[in-house]
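What follows is a single structure, written as structure tokens, with notes after it.
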């Protein structure tokens, strides 16, 4: 196994997930605000699950997204 390639591929995946997830959350929040279903001062509970096939790994992370 090439540790450098392995670590690089993990970082690349996490960066892609992070950027795309942020964009999707921002778009969904903006849409909800435009539609009036969010006031803009809420705290939204969020969860993220990461699964890696082949090694039976599932990680769950929870946190809040605060709008104000």
State the extension gain, in nm to one decimal, for the chain segment bounded by residue 9 and residue 38, taking 0.36 nm per residue of separation less the distance between their alpha-carbons. 6.7 nm
Relative contact order for the chain: what percent, with Cα pairs under 8 Å and sequence separation of 6 or more? 24 percent
What would the Debye formula give as log10 I(q)/I(0) at q = 0.25 Å⁻¹ for the alpha-carbon point model of the chain, no solvent? -1.18
Okay, helix-only estimate at 222 nm for the chain: each DSSP H run of n ≥ 4 adds -39500 (n - 2.57), divide by all residues, round to 500 deg cm²/dmol; what do you get? -17500 deg cm²/dmol
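Every number here is computed from the coordinates shown, using simple stated rules; none is lab data. Quick caveat, the model's predicted, so the values are computed rather than measured.
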